[in-house]
Structure formats: C-alpha cells, structure tokens
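Notes follow the structure.
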Amino acid sequence: MRDNSCKGRPLDFVEQLKSSVDIVNVVGEYVKLRRSGANRYMGLCPFHSEKTASFTVHVVHQFYKCFSCGAGGDVVKFVQEKEGLSFYEALKSLSERYGIPMPKRSGYADEDSKLRGALLAMHEQAAESFRANLQSQAGEEARRYIAKRGLAPETVEHFGLGYSDRSGRALVRLFEQRGFPVAQMEKSGLVGKREDGSLYDTFRNRLMFPIHNESGKIIAFGGRALSPDEKAKYINSTETDLYEKKKVLYNLHRAKEAVRKEDRVILVEGYMDAIGVTAAGFRNVVASCGTALTTHQVQAMKRHSQRIAVNFDPDGAGASAAERSIDVLLAEGMQMRIVELDGGLDPDEYCKERGAKAYQERVDGAKGYFYWLADRARAKHDMHTPEGKVAVLNFLLPKVQSISDQLERMTIAGDVAGYIGVDRGMLLDRFRKAAAERSEKAIARPISPLRPDERMLLVALLTNAELRAEMIGPLRSLQTIETLPSRRIFQAIFTAQEAGGRVGFDEINGRLEEADQNLLAQTVLNEDGEISREDVLAAMASMQRSEQQNLRAQLKTRIGEAERAGRLEEAMRLAQELGGMERAGHGLRGGGHV
Ligand SMILES: [Zn+2]
C-alpha cells in the first residue's frame, strides 16, 4: 500500500488495474483457496510455513491478510512479494496477464527492475539461440542424444530444449550485438569472466533445459554434457537476481494446473524424468533437479496439492534422497507415497519401456512412505533378533512422531507395529508417551479487539455509501468514538469523506499506519456476511447508548467534585442535568414509559 501512494506513480492506472483484476483469481494461481464465509476465501499462507490455514482473501475489499506472519496488502503487493518483483514489474506482470494495456512512460522503472528486465530478456534470447543451435548443423550430436532418449520433436519443442555450441563465445557475441553491458552479462549467470577480463559462455556443448519460474518466465538453464569426457554430467546456472536454486522446481509452471485438478503431484529427480513422464501423458510432474528437496520447494507444491508421489531413481542415491525428502515433506504436512519401479528403471525409462498404463498403476499403488521406510529398515537389520527389531523401531519412531495429525500418527504407529512384528500395545504406549510431550501449536484466529457495534459501523461506512452519508454526521458528534481502539480508522473515514474522494477499503487503508491497517483488516474479516440496514441502525443506537453512559459517568464525576469543593449550586444543576439525561436514556432504550 505504501508503495503506490506517491512519487508520481500512475495512480489512475493502478486503480484501473485493481478494479479490473480479481485478487481471488490472482492469489488463486498460487494458493489453493477455499471459500470461507460470504466474502472471503482461506488457504495456506504462501509467505510462511503453516499447516492450518490463516491466510485470508477478502472478495469485497480485494485484499489478503495472513494472521500468522502478518503479510497483507492488495493484489499488486501480493504479486510483488510472491514473485519478488518491484512495484512497477508487478503492475506490468498483471497488466500483461490480464490484458490491460499499461500506459507507456519511461519514468516508472527503477534500477532493480531494469536489471531484472535485462536478465529476463537475456534468458529469453539465450533460449532462442539454443533452440536454433539444436536445429543447426552444430546440433547434430545433441539431436542424436535426443533421439537415443526417444524424445519426440513435439516434446523437444514443448520443453524448449536447445543446444549450447562448442565455441564458448556464442552468447557473449549475441549479448554484445544486442547491446547488453558487460556488468549485466556477468550478472546473468550465462556468461563468465576470465582473469584477463575476456568473457566466455558458461554452457558449452550441452543439451540445454530452460528453467522457468512459477509464472513461466525463463530464469535459468540446466545443461547436460554431451561429451563423455565432461566431468559434470549436469550443470545448472549459478544463482542470480532471477534464480534462487532452493526456491525453484523444474516444470512447476506447466504442471501446477494438473496438480490441482488431480490433487496430486509427482516428484521426480531429473529433467529427463520430468520430461519423459510428462510426455507419457502425466501432466502433474515436477523435478527437484540436483538439489536436496527444500522447504521452499515443498511449500511451492503444497500450494497446489498436499498429496505427493515421490518417484526418485531406484539406485541407492535415489533412495537416500527420497529418505531425506521424507523429513522435509512430513514437516510441511504433506501426504506422501513412495513410488517404486521394478527392473531398476528410472521414471523416464519406465514410461518408455512399460508404457503409461503400467506407470499409472505404480503411482496409484505406491506405498505409504512409512511402509517404504519399514522395508528399508528391515532390509538393513535382522528382524529375527530382538536387537534387530529395536534398531528398526528406533529408526522409525522419530519419523512417525513427526506426523502432525494425531489420529494419523496413532494409526500409522499401529500399522508399523504389525508390519515389523512387534507388540502393538507396547509400541502404542511408547508413541502415546511421546505424543503427550508434543506441544501442538495451533494457530488461533485473532479475536477482534473491537466491539460488535464498532465493527459493524466501520464495515457499513466502508461498504455502503448511502448509510455512510446518513451515519457520518451523528457519529462525528459522539465523543465515544474518540475512546475506541478503532478511533483512527473512524477519523480516516471522516477525513476521506470530507475530502470528497472515494471512500473504500483501499483509500482508508492507505491513510493508516501499519498497526491500524492490521486492525482494519481484522475488522473487515471478522464482520463477514451481509449487513442489513437494521443491523447498522441497531449498532448506531448501541453506540449512542455508550455515549449516554459515558456522559452520565462524566457528569457523576463532576457532581462529586463539585460537592467535595462545596459548590453545591453547581452540584444541584449538574444533578438535574443527569436526571434529565437518565429519563431520556430510558426513552432511548425503548422502555416506552417516560
Ligand atoms: Zn503467513
């Protein structure tokens, strides 16, 4: 909110954009939202790790708010934070996505967004050049490799595969021609600099896989060596302003829709696995690509589905990677199964040799991860000896304990006992003790510090112009308003109304300090549903009763003071005033017998 308020930014365009884009749709591209009440949606916060939804999107006021980490703002802010964009870039991204033409003015872009824009352009141009290389004479070896791996031309095209030639100068020359300064080239991760100052391409003689961010922009590349002498089979771009390895999953931008639709994500290890499995007809595949699975990556998947089928390579390294991933996945509350493929085949090979139907069966029939773990543990220890059983138990215990759902934890504990053949009662007892020590931290929805009448009046003032015009005069005359926690919000509304501009959530929010912005968000979210005129009139009457009570309390104090000071005449006069007020008060309460 702070960002778009000044500095000559295109406010009118921002308003136009915000009124034509629905924040629910935009957020919904990143977060699985479910309706919760008439005017709001809830989901897991994309800005911090959580298992219980505390992230809310308000339909009418078009803002989001997380009650756990405090993230909040309008649709532009959301895109800024989620994509790591500047204000200008977020506007641009939204205007492109939703087809709202942005006024051309050169003054908008700041240095950061200029650099990011240049880096994105360089990646786009590099990808284009790699694709052209692949079809050229130089790309013959790469094409042979692609044919050997059985990739159809449409698959190569779909994934934008390319080839980086042997010259080691192709991109440097291209970027020079297009006028990118050396400093930008170095920051692209695509070009390196030798000690003598000369520049060279990072990728040489490799099959190139473009890596995209979640909104589908190319931000890095993976390169597979084509020469057997090359030490590193796969290399990735170095980290840049665009590319943070631990936050990126390969193919997520293509897979996310299918992941949602099928409510399951298939996680594989490598580029070729993701491509091969997708080509076999499974659209919900992503790859971790050369990094140990990180919390960021799991959260990126979890936003689309909490069900995951992990399908790593069948070798020892793949199994170890799967085992390590389990902890990260469990910590994020994912429901996981481990896909096992027979014949020592990796996912790509399996799809090609056995076909899509066979692969589908393996995915559908995948074991719960704890059975898989139990099998691994059993294979390592002699289960005929008590020592062996204890060793297996000690291995499995912490894994089972890290399951966040208690019922699931107990069920699995029982299953595991049966599976490895130890006494069920004893095992359950151990788990129960451990469970008792766990402190479940639940995220509570904050209770509004505001009174119901206060809340209702605020929401009515923000949403209903007619009621606002009617109520604002009487409200302004009430001293009670000045004693309320929300007094600064009321003041902002009064001021905005006086200024004659639009009075809505955004306008008021923009006039507030952060603490009051939080209060406003809470208020609006707590007061969900239709507010009738009767409700508002009742809230107004309630507020007026408070005013009367306050005035009476003040009078009583003054009467006491006057009496103590011996100003009896004044005390009498005030007491009369109080009496009149109390009679009127009865009338206000609707008693009827004045
Ligand atoms: Zn949060």
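The values are calculated or read from the model by the stated rules, or taken from the named source; none is laboratory data. For clarity, every value in this text was computed on a predicted model and none was experimentally measured. Glycine gets a Cβ as well: all are built from the backbone with ideal geometry, and neighbour counts include every protein chain shown. These accessible areas exclude ligands, DNA and RNA; they are computed on the full protein's heavy atoms, side chains included. Shrake-Rupley method; radii C 1.70, N 1.55, O 1.52, S 1.80 Å.
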Go through the stretch 20-35 and give me each residue that's within 16 Å of the ligand (Cβ to nearest atom) and either part of a loop (DSSP other than H, G, I, E, B) or among the aromatic types (F, W, Y) (or both).
Y30, V31, K32, L33
Residue check: is R354 over 31 Å from the mean Cα position of the chain (by Cα) and of a type outside the set (S, T, Y)?
yes
Tell me whether the stretch 177-184 contains one or more residues that are closer than 20 Å to A121 by Cα, among the aliphatic types (A, V, I, L, M) and touching a residue at least 24 places away in the same chain (Cβ under 8 Å).
no
For a quick check of your reading of the model, give me the residue pairs whose first member lies in the stretch 34-58 and is of a type in the set (A, V, I, L, M) and open to solvent by 40 Å² or more (accessible area, probe 1.4 Å), whose second is part of a loop (DSSP other than H, G, I, E, B) and away from the ligand (no atom under 15 Å from the Cβ), with beta-carbon atoms closer than 7 Å and at least 6 apart or on different chains.
A38/D528; A38/G529; A38/E530
Failed criterion for F130 (all others in (1) more than 22 Å from G510 (Cα to Cα); (2) out of contact with any Pro (no Cβ under 9 Å at 6 or more places or on another chain); (3) touching a residue at least 24 places away in the same chain (Cβ under 8 Å) hold):
(2)
Any hit, the stretch 432-442, residues being modelled with pLDDT under 85, over 20 Å from L329 (Cβ atoms), in contact with an Asp or Glu (Cβ under 9 Å, 6 or more places away or on another chain) and surrounded by 13 or more Cβ atoms within 10 Å (Cβ to Cβ):
no
If we keep just the residues of the stretch 453-483 that are in a helix (DSSP H, G or I), farther than 20 Å from Q548 by Cβ and not hydrophobic (A, V, I, L, M, F, W, C), which is least open to solvent (accessible area, probe 1.4 Å)?
R468
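Conditions tested, residue by residue: (1) surrounded by 16 or more Cβ atoms within 10 Å (Cβ to Cβ); (2) small (G, A, S); (3) modelled with pLDDT of 95 or more.
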site: G162; (1), (2), (3): yes, yes, yes
site: Q177; (1), (2), (3): no, no, yes
site: A183; (1), (2), (3): no, yes, no
site: F203; (1), (2), (3): yes, no, yes
site: R206; (1), (2), (3): yes, no, yes
site: N213; (1), (2), (3): yes, no, no
site: D229; (1), (2), (3): no, no, no
site: N236; (1), (2), (3): yes, no, no
site: K246; (1), (2), (3): no, no, no
Test D196 against the criterion of being farther than 30 Å from Y369 by Cα, open to solvent by 40 Å² or more (accessible area, probe 1.4 Å), in a loop (DSSP other than H, G, I, E, B) and touching a residue at least 24 places away in the same chain (Cβ under 8 Å), and give yes or no.
no
Any residue that is over 21 Å from N284 (Cα atoms), touching a residue at least 40 places away in the same chain (Cβ under 8 Å) and in a helix (DSSP H, G or I) - is there at least one of those in the stretch 329-341?
yes
Looking only at the stretch 217-227, which residues are modelled with pLDDT of 90 or more and not aliphatic (A, V, I, L, M)?
K217, F221, G222, G223, R224
Pairs, first without any contact (Cβ under 8 Å) to a residue 40 or more places away in the chain in the stretch 450-477, second among the aromatic types (F, W, Y), C-beta under 8 Å, six or more apart:
I472/F494; R476/F494
Selection from the stretch 496-516 of residues that are closer than 18 Å to V459 by Cβ, outside any loop (DSSP other than H, G, I, E, B) and open to solvent by 30 Å² or more (accessible area, probe 1.4 Å)
Q497, D506, E507, G510
Listing of strands (runs of 3 or more DSSP E) fully contained in the stretch 52-169 that carry 3 or more residues being more than 16 Å from the ligand (Cβ to nearest atom)
162-164
Report yes if some residue within the stretch 312-321 is in a helix (DSSP H, G or I) and in contact with a Cys (Cβ under 9 Å, 6 or more places away or on another chain); otherwise report no.
no
